[in-house]
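Down below is the structure, laid out as structure tokens.
The values are calculated or read from the model by the stated rules, or taken from the named source; none is laboratory data. Treat the numbers as computed from the prediction; the structure is a model and nothing was measured. Please note: Cβ atoms are built from the backbone with ideal geometry, for glycine as well, and neighbour counts cover all protein chains shown.
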Amino acid sequence: MALAYITCPTEREAVKISKHLLGKKLIACSNISPIRSIYRWEGKLQDEKEFAIMAKTKGKNFEKIKIEVRKIHSYKVPCILNIDAEANEEYEEWINREVK
């Protein structure tokens, strides 16, 4: 099992990306949370509100997820992370049924 962590500028975009990935059966579930991101961009310090997607998936789907997110994400350089995860058996079985 894996988690895909993706940051978005708006909740609307996070929902759009989540529904897109769900529709492609690349993820089984998406949690969207408001976050505050502080980072350097083009030499300037940024302090922004964003929304983070934590999507449950299979590790083998990460490359496809990156491709799909890049197609519709508004950022020039989106954050798309793959986090290896372990789950209880029942939850992992559900993930395996829901995801290609």
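Against the definition (of a type in the set (A, V, I, L, M), over 11 Å from the mean Cα position of the chain (by Cα) and at pLDDT 95 or above), how does V69 come out, yes or no? Against the criterion (of a type in the set (A, V, I, L, M), over 11 Å from the mean Cα position of the chain (by Cα) and at pLDDT 95 or above), V69 does not qualify.
Considering only residues that are part of a strand (DSSP E or B) and either over 19 Å from the mean Cα position of the chain (by Cα) or exposed (fewer than 14 other Cβ atoms within 10 Å of the Cβ) (or both), which ones fall in segment 38-66?
From segment 38-66, those part of a strand (DSSP E or B) are 38-41, 44-57; that's our starting set.
Answer for segment 38-66, where residues must be part of a strand (DSSP E or B) and either over 19 Å from the mean Cα position of the chain (by Cα) or exposed (fewer than 14 other Cβ atoms within 10 Å of the Cβ) (or both): I38, Y39, R40, W41, K44, L45, Q46, D47, E48, K49.
Every condition in (1) farther than 20 Å from E92 by Cβ; (2) in contact with a Gly (Cβ under 8 Å, 6 or more places away or on another chain) holds for G43 except the one numbered (2).
Checked against the criterion of being in contact with a helix residue (DSSP H, G or I) (Cβ under 7 Å, 6 or more places away or on another chain) and modelled with pLDDT of 95 or more, the candidates I27, I35, I83, I95 yield just one match: I27. Residues of segment 21-37 that are over 11 Å from the mean Cα position of the chain (by Cα), within 20 Å of K64 (Cβ to Cβ) and of a type outside the set (A, V, I, L, M, F, W, C): G23, K24, K25.
The residues of segment 33-58 that are touching an Asp or Glu at 6+ places or on another chain (Cβ under 7 Å), in contact (Cβ under 8 Å) with a residue 24 or more places away in the chain and not hydroxyl-bearing (S, T, Y), listed by number, are I35, F51.
Residues of segment 4-33 that are out of contact with any Ser or Thr (no Cβ under 7 Å at 6 or more places or on another chain) and not in a helix (DSSP H, G or I): Y5, I6, C8, T10, K24, K25, C29, N31, S33. Of these, K25, K66, which one is among the basic types (K, R) and in contact with a Lys or Arg (Cβ under 6 Å, 6 or more places away or on another chain)? Exactly one residue qualifies, and that residue is K25. One residue is enough: does segment 67-83 have a residue meeting the conditions farther than 17 Å from C8 by Cα and either in contact (Cβ under 8 Å) with a residue 12 or more places away in the chain or acidic (D, E) (or both)? Yes, because at least one residue in segment 67-83 is farther than 17 Å from C8 by Cα and either in contact (Cβ under 8 Å) with a residue 12 or more places away in the chain or acidic (D, E) (or both).
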